[in-house]
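First comes the structure, then the notes that go with it.
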Amino acid sequence: MQVKTIRKILVANRGEIAIRVMRAASELDIRSVAVYAHEDRFSLHRFKADESYFLGEGETPVKSYLNIKKIIDIALMCGADAVHPGYGFLSESPEFADACGLAGLVFIGPSAETMRQLGNKIQARELAESSAVEVMPATGSLPIEREKVSVLAEKIGYPLMLKASWGGGGRGMRVIESESELHETVETGRREALAAFDNDEIYLEKLVLRARHVEVQILADGQGNTVHLFERDCTVQRRNQKVVERAPALYLSDKERENICLSAIKVCEAAGYKNAGTVEC
């Protein structure tokens, strides 16, 4: 496997995450490149980079960082070897990973095919089921017709959690406790998913009340070796954003911990995952 030397990285993100990547690049003696929207022209990440480039006028701040063509053009123009997407925005976009590959740029993240399998929560659930990993009852992609949505919701049973198929960070997520809330909540979630991820696919999942949020940390190389670095408890959240991460999750028994960690490896191996990341449980 040919390994490309990385001397300059474009960070396709903003704020704290971009600064973290730039700091790591500096420690590795790698030059960093920032991109910024008009509203972020005074943002700190622009000035922490070795170079910075304007993403252009006429777009909202979020849309600016979702402009694949513009970001690729800037990366090629400035002579970057690789693109780091950070998290959010294009970090889970297989189209962006493909575009980087076609442009000869290293995409620092999973392959496009892996993202198509795991980035889409509906497909990830199907992959988990095919790998003998237990999942919560859920629908597939919700249709537009209200009557069909009502039937699917009734089949799963209330309370429900509405989720966007793509992306994370709580965008598009809504609790639905009864049918009277269903259709208005679905429409709101669909609009939010489209605005955040440029994709309005959503689905319904059985809501688990007083649940614990556990993530398993995974490392996978390009030679087929996949290991877990045990779990962390991410239950303490505000607006679906993690506030505190604790390791280990003390409430798990040894058997539960082993089952969760091995299940995470099963899913990642089935998806051909390569990189460092987490699997949510």
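A short reminder: the numbers here are calculations on the coordinates, not readings from a lab. Bear in mind the structure is a predicted one, so any value in this text is a computation, not a measurement. All Cβ positions, even for glycine, are placed from backbone atoms using ideal geometry, and neighbour counts span all protein chains on display.
Observations
- Chymotrypsin sites (Phe, Trp or Tyr not before Pro) restricted to segment 173-281 and DSSP loop, no more than 12 other C-beta within 10 Å: Tyr251
- Using C-alpha pairs under 8 Å with a sequence gap of at least 6, the mean separation divided by the residue count of segment 8-109 gives a relative contact order of 29 percent.
- Take every Cα pair under 8 Å whose residues are at least 6 apart in sequence, average their separation, divide by the length of the chain, and the relative contact order is 13 percent.
- Segment Phe230-Glu16, extension gain: residue separation times 0.36 nm, minus the distance between their alpha carbons: 74.5 nm
- Here the relative contact order of segment 146-206, from alpha carbon pairs under 8 Å that lie six or more residues apart, stands at 40 percent.
- Shape annotation for segment 146-206: C-alpha extents along the principal axes are 28, 19, 15 Å, from largest to smallest.
- Modelled label reach - Leu262, point 7 Å along Cα→Cβ, segment 119-146 residues with backbone N closer than 19 Å: 128-135
- Inter-probe distance in nm under a simple model that places probes 7 Å from Cα toward Cβ, at Lys148 and Ala24: 4.1 nm
- FRET E, pair His213, Cys78, Förster distance 45 Å, beta-carbon r, rounded to 0.05: 0.70
- Among the trypsin sites (Lys or Arg not before Pro) within segment 36-65, those in coil by DSSP and having at most 11 neighbouring Cβ atoms inside 10 Å are Arg41.
- Reported to the nearest whole Å, the Cα centre-to-centre distance from segment 12-41 to segment 157-188 is 34.
- Available extension along the chain between Lys242 and Ala132 is 36.8 nm, counting 0.36 nm per residue and deducting the alpha carbon span.
- In sequence order, segment 21-36 has phi-based couplings of 5, 5, 5, 4, 4, 4, 5, 9, 6, 10, 6, 10, 10, 9, 10, 8 Hz under the Karplus curve 6.51 cos²θ - 1.76 cosθ + 1.60, θ = phi - 60°, and Gly or Pro positions carry x.
- Shape call, segment 8-109: gyration tensor on alpha carbons, a/c limit 1.5: rounded
- Looking at segment 140-200, the GluC sites (Glu not before Pro) that sit in a DSSP loop and have at most 16 other Cβ atoms within 10 Å of their own Cβ are Glu145, Glu177.
- Rule-of-thumb Rg ratio for the chain [Cα; 2.2 N^0.38 Å; N residues]: 1.06
- Our coupling estimate for segment 175-181, obtained by passing each phi through the Karplus curve with A = 6.51, B = -1.76, C = 1.60 and θ = phi - 60°, is 7, 10, 9, 7, 5, 5, 9 Hz, Gly and Pro reported as x.
- Stretched out straight at 0.36 nm per residue, the stretch from Lys255 to Glu95 would grow longer than its current Cα-Cα span by 53.7 nm.
- Ordering Ala128, Met22, Ser178 by Cα displacement along the dipole of the chain toward the positive end leaves Met22 in first place; charges were set at the Cβ atoms of Lys, Arg (+1) and Asp, Glu (-1).
- With θ taken as phi - 60° and the Karplus curve 6.51 cos²θ - 1.76 cosθ + 1.60 applied, the whole-hertz 3J(HN,Hα) list for segment 59-68 is 10, 5, x, 5, 4, 4, 7, 9, 7, 4 Hz, x standing for glycine and proline.
- Angle in degrees between helix 121-130 and the longest Cα principal axis of the chain, rounded to the nearest 10: 70 degrees
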